[in-house]
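Remarks on the structure that follows.
The values are calculated or read from the model by the stated rules, or taken from the named source; none is laboratory data. All values derive from a computational prediction rather than experimental measurement. Quick reminder, even Gly has a Cβ in these numbers, built from the backbone with ideal geometry, and neighbours come from all protein chains shown. Heavy atoms of the whole protein, side chains included, go into the accessibility calculation; ligands, DNA and RNA do not. Shrake-Rupley method; radii C 1.70, N 1.55, O 1.52, S 1.80 Å.
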Amino acid sequence: MIGRIRGILVEKTPGQALVECSGLGYEVDIPYTTFFHLPEAGQEVTLHTHFAVREDAQSLFGFASRLDRDLFRLLIKVNGVGPKMATGILSGLDAKQFIRCVEGRDINSLVKLPGVGKKTAERLLIEMTDRIKQLEGQFVPGSAHSEVSGIEARQASAHSHKPVDEAEAALIALGYKPQEAARAITRVSEEGMSSETLIRLALRNMIPA
């Protein structure tokens, strides 16, 4: 089991990071909440990881915090939730926000997550209520505003030639139809926004068909 990786961030795109460690380049699948925390390419990065092995593939998933990684491991134990959906869930909400949704029985926020319909949201509330207790000690209640402001400060310094195109492509890669992605980005788009901000805001407002 590969539980953590530390190395130089070679490349980053919404959904994946390439990390060089001891001469090897590891392709790490990441949720967008982790992408927002990544440093610039060429800097050192540490990711908490989960190594998944299937008959047809081996995948390494990376997360900005151990709490996010441990929640991912609990999510994939829920009936009907695989690594792709779990990554999608953690693309819309980080672990602390997800825990607050479960504790507050906030089904409306859950159905806005990519691939999560009403039945899946209800199942998450039921099955995750007891499981999130396993994360006790990692989660310190508090406002998420300081976390968001830190993310936005890093986004403000990012530069992108086509942030709208990049944001739409990221949503399509996550499983949304091109028309849905375009509409979602248009609803939240304002001049000067980075692709990271567009993705985050669109995910908060999208409700799967």
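List of remarks:
- For a straight C-alpha distance cut-off of 20 angstrom, the lysines reachable from residue 177 (same-chain residues fewer than eight places away being disregarded) are 84, 112, 118, 162.
- Charge dipole of the stretch 1-134 about the Cα centre (unit charges at C-beta), most positive-ward option of 22, 48, 5: 48
- The GNM of the chain, with springs linking C-alpha atoms under 10 angstrom apart, assigns the highest mean-square fluctuation among 135, 47, 67 to 135.
- Charge dipole (Cα centre; +1 on Lys/Arg Cβ, -1 on Asp/Glu Cβ; no other charges) of the stretch 51-108 amounts to roughly 100 debye.
- Here the chain is assigned +1 on the Cβ of each Lys and Arg and -1 on the Cβ of each Asp and Glu. Its dipole about the Cα centre then comes out at about 680 debye.
- Charge dipole (debye, nearest 20) of the stretch 1-86; +1 at Cβ of Lys and Arg, -1 at Cβ of Asp and Glu: 360
- Cα gyration tensor category, rounded, prolate or oblate, for the stretch 11-52 with a/c compared to 1.5: oblate
- Estimated translational D of the chain in µm²/s (Stokes, Kirkwood radius over Cα pairs; 37 °C; 0.692 mPa s): 188
- The mean accessible area for residues of the chain, using a 1.4 Å probe and ignoring ligands and nucleic acids, is 53 Å² per residue.
- Rounded percent of accessible protein surface that carbon and sulfur make up, the chain, 1.4 Å probe: 50
- Proximal lysines relative to residue 77, as straight alpha-carbon distance under 18 Å, when same-chain residues fewer than 8 apart are discounted: 119, 133
- Sequence-distant contacts, meaning Cα pairs under 8 Å at least 6 residues apart, place the relative contact order of the stretch 1-125 at 19 percent.
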